[in-house]
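The values are calculated or read from the model by the stated rules, or taken from the named source; none is laboratory data. Since the structure is predicted, the reported quantities are computational estimates derived from the model, not experimental observations. Backbone-built Cβ (ideal geometry, glycine too); neighbour counts: all protein chains shown. Only protein heavy atoms, including side chains, enter the accessible area calculation; ligands, DNA and RNA are left aside. Shrake-Rupley method; radii C 1.70, N 1.55, O 1.52, S 1.80 Å.
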Amino acid sequence: MLLQLVRKVSTVPHILALPSHPSLASAISQHLDYKISHIPNGSFSNAETKLVVPVKHNEKPVIIQSPHTDINTHLMELLLTVHACKQLSSTPVIAVVPCFPYARSDKSESRNLPIGAKLICKLLEAAGTDEVITVELHSSQTEGFFNIPVSNIQTTQLLADYVISTKCKDKTILVAPDAGAMKKVTALSELTGLPFALIHKERVSDGTISRMTLVGDVRGRNTVIVDDMADTCGTVIKAADLLIKNGVIMAKEDSSPKRKRRRCLPVREIMEAEEEKPEFRVIDGLRYVVPYNFVLRTYAKKRWFDQSILEVLTREFQAYPASYYKSALASGRITVNDKIVSCEYLLRDHDFIAHHVHRHEPPVLNREVQTIAESEEILVVNKPASIPIHTTGRYRHNTLLKHLESKHSQKLYTCHRLDRLTSGIIVLLKNTHKAKEYGALFRDQQVKKTYLALVDGEFPVTGMSCSEPILQVSHKLGINKVDHENGKPAHTDFKRLHYDSVSGRSLVLCLPQSGKMHQIRVHLAHRGFPITNDPIYSRENWAKKSTEEFSKELTEVLFKRDNISRLLNKDQESSATTGGDVEHENFPENKDSSDQVKSSSTDSTGKPEGSPNHLTSDTETQQTDVTTTANPANICSSPPADKSDNKLTVSGDGLKQAAEISVTPDGKFCLDGRVFERIPQLSYDEKCPECAWIRLVPAPEDMFIFLHAVRYELGGRFYVSPLPEWCEKEWIPPEFHELLQISSD
């Protein structure tokens, strides 16, 4: 409706996008194919607003500004722009103000309170506004304050259509959290035929609620809380708490046939998920996150129904032994529906499980994230190796998105991905509309991608191509393999840039024509030229081994590298600990893997941040650091004085040979002939079992592979990153200098 009104009032329009919501203005302009000018915010030295308005005499300006955070500044920008347009153009000036400022101040509660909404209406008229388009005024009486046309767009029908379309309509009740929302709730009730309830609210002050009383029966129902205006959201949060205490259903089914995921988390849980700003420490070139308290959440899955909570935890989440889960259930660190339950509690539908943990994130290399290009809608950066793009597995704050969102103070969206171990170009968007647009480019393979790889062997001078189909043969281990019967089509062209006869390695230019997971790595390995330090596909005779043989070999490596702690942490109270029977969810970088871009739209990040679907922080582990756990009586940071060689030997069903860890006299640890130091203790929680674990610092060479996304061409533009540290400029032949933007000096 907003688009229809803008089209109706302006036959020769010029959209002026003010600073509050440039993405909204861009979306309207693109949909209507109207000219748009973005007006940057500026100010004089005394903080007065400064604007330059690019409007011609014969243009009809449509000004889009929706004041929100800095309301007074946004309001002044709007008024000055309207006034400037009125001076420059003889045509009508239309102001599109979706969120009308001071709308709640539409009546005088006492003689000494102003009617702010009326004043804003008069100011807009005085500035020269000829028509106002807004959305859901706090009260329809505000329209009477204007002497000019006003279009007040209502959203009640949209809400009604959504509620009617849900599968839970028969069990749904509408709730007004206060008297002010009652009119909207009754209108929604008439359109949907649903019953409604009311919450009576008493305030101590504008931001503090003293008491809330529910009027109506909500037990056993889904609830839709309808509020007319939210400031701190305190009313909604308290209303949700009150409804939960009165027996509402806490979740509903997603109707998507591909994903039957529980959703609609209670509002209070979303608020609890907000974390304090993390604390980072840089030690010896690695960036650590100081361990922090966190709540992992999940709804009971159908396969868990009628099984004991302890049985499910020890089987599905094997990061901790059974004895830990017994203690956590007894102490309340693990709860079901916010209540302490016994180990024998049988899980049922709609059960909500929460696990309070002291979270330990793996370190990443402390490398600068270089900005390659930036505009109002896009941010292109050079991602360092070792850091995942988004929250995944054990990583939450040590991620590219978290780092950049904190730096730029805004939400960013992905449209593709790279492996955690891969470096290179990442394209991020600043609004969902652009993210969908760019995601479609990746999905439709309209992006020309160029990679650099350092491989074993003398690559053919003439180059080569590989069109072998690729199949993901193990989702848990993240293994992909050439499979001519069931694989999906994939094609990659390769060109040799340099060969070093001393090291026996070649620098190869990789041009993937499709975007399958691990495509470059699989094709290079299949042709007999694996990436030199690839932890998966550089293994001997990889291409010749069957899927079962290769999976078994990787499982053994996984035991020795990432789960040695589980073999050492055999709890004396229970034989049902992880031992050698661990079912490994992932190989070290798999869940965020795709050395080619795995294209998608705005939700291509895999899982929304804070999505309630995991109970333990390493069910999707993505670390290459070695972790060992032991009873302090068996292993310590410094060996006993009377032993010159302190060794521990562990074995399990997943190991062909026993794994041996030795402790050197200076307190370092030896595993497979390599020496590791212990990760420093940055914080300690006596209830956290991981705080007693001995975590080993990962070697820098284990935190990256020789694969770099060097150039992307999309949307009529191209982006080129600097060469990676492991690639010498002299290795690039002159004929490729222009492609890779290498200067000749």
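The C-beta contact set for the stretch 290-306 (first residue under 13 Å from His350 (Cα atoms) and in a loop (DSSP other than H, G, I, E, B), second residue open to solvent by less than 50 Å² (accessible area, probe 1.4 Å) and charged (D, E, K, R), distance under 8 angstrom, 6+ apart or interchain) comprises Ala300/Asp351. Of the residues that make up the stretch 438-451, is at least one at pLDDT 95 or above, over 17 Å from the mean Cα position of the chain (by Cα), aromatic (Phe, Trp, Tyr) and open to solvent by less than 20 Å² (accessible area, probe 1.4 Å)? Yes; the residues of the stretch 438-451 include at least one that is at pLDDT 95 or above, over 17 Å from the mean Cα position of the chain (by Cα), aromatic (Phe, Trp, Tyr) and open to solvent by less than 20 Å² (accessible area, probe 1.4 Å). When the residues of the stretch 363-395 are narrowed to those that are under 15 Å from Glu405 (Cα atoms) and among the charged types (D, E, K, R), which ends up surrounded by the most Cβ atoms within 10 Å (Cβ to Cβ)? This residue is Lys383.
The one condition from (1) in contact with a Ser or Thr (Cβ under 8 Å, 6 or more places away or on another chain); (2) farther than 19 Å from Asn152 by Cα; (3) in a helix (DSSP H, G or I) that Ala117 does not meet is (2). Within the stretch 705-735, the residues that satisfy the criterion of being assigned to a loop (DSSP other than H, G, I, E, B) and more than 29 Å from Ser375 (Cβ to Cβ) are Ile705, Phe706, Trp726, Glu728, Pro733. For the stretch 300-319, residues that are buried (at least 19 other Cβ atoms within 10 Å of the Cβ) and closer than 19 Å to Thr392 by Cα total 3. Of the residues Ile694, Ile705, Ile732, Ile679, the single one that is under 30 Å from Arg417 (Cβ atoms) and at pLDDT below 85 is Ile679. If the condition is being touching a residue at least 24 places away in the same chain (Cβ under 8 Å) and either among the aromatic types (Phe, Trp, Tyr) or farther than 16 Å from Val96 by Cβ (or both), then the stretch 143-164 contributes Phe145, Phe146, Thr156, Gln157, Leu159, Ala160, Val163, Ile164. Here Ile270 meets each of (1) within 20 Å of Gly332 (Cβ to Cβ); (2) assigned to a helix (DSSP H, G or I); (3) modelled with pLDDT under 70 with one exception, condition (1). For the stretch 350-362, a residue qualifies if it is open to solvent by 10 Å² or more (accessible area, probe 1.4 Å) and either in contact with a His (Cβ under 7 Å, 6 or more places away or on another chain) or not in a strand (DSSP E or B) (or both), and the qualifying residues are His350, His360, Glu361. Restricting attention to the stretch 684-704, the residues being under 30 Å from Gln519 (Cα atoms) and either part of a strand (DSSP E or B) or open to solvent by 40 Å² or more (accessible area, probe 1.4 Å) (or both) number 3.
Condition test on Leu16, is it closer than 22 Å to Val132 by Cβ, at pLDDT 75 or above, among the hydrophobic types (A, V, I, L, M, F, W, C) and surrounded by 14 or more Cβ atoms within 10 Å (Cβ to Cβ)? Here the answer is yes, as Leu16 does meet what is asked. Taking the criterion of being under 25 Å from Met182 (Cβ atoms), outside any helix (DSSP H, G or I) and over 39 Å from the mean Cα position of the chain (by Cα), the only residue of the stretch 120-171 that qualifies is Val150.
Residues in the stretch 396-422 that are in contact with a helix residue (DSSP H, G or I) (Cβ under 9 Å, 6 or more places away or on another chain), open to solvent by less than 10 Å² (accessible area, probe 1.4 Å) and within 30 Å of Pro19 (Cα to Cα): Leu412, Thr414, Cys415, His416.
Quick grid of which residues meet (1) open to solvent by 10 Å² or more (accessible area, probe 1.4 Å); (2) in contact with a Ser or Thr (Cβ under 8 Å, 6 or more places away or on another chain); (3) not in a strand (DSSP E or B):
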| position | (1), (2), (3) |
| --- | --- |
| His484 | yes, no, yes |
| Ala490 | no, yes, yes |
| Tyr499 | yes, yes, no |
| Leu509 | no, yes, no |
| Met517 | yes, yes, yes |
| Arg521 | no, no, yes |
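The numbered conditions (1) open to solvent by 50 Å² or more (accessible area, probe 1.4 Å); (2) in a helix (DSSP H, G or I); (3) touching a residue at least 12 places away in the same chain (Cβ under 8 Å); (4) not hydrophobic (A, V, I, L, M, F, W, C) are all true for Lys107 except (2).
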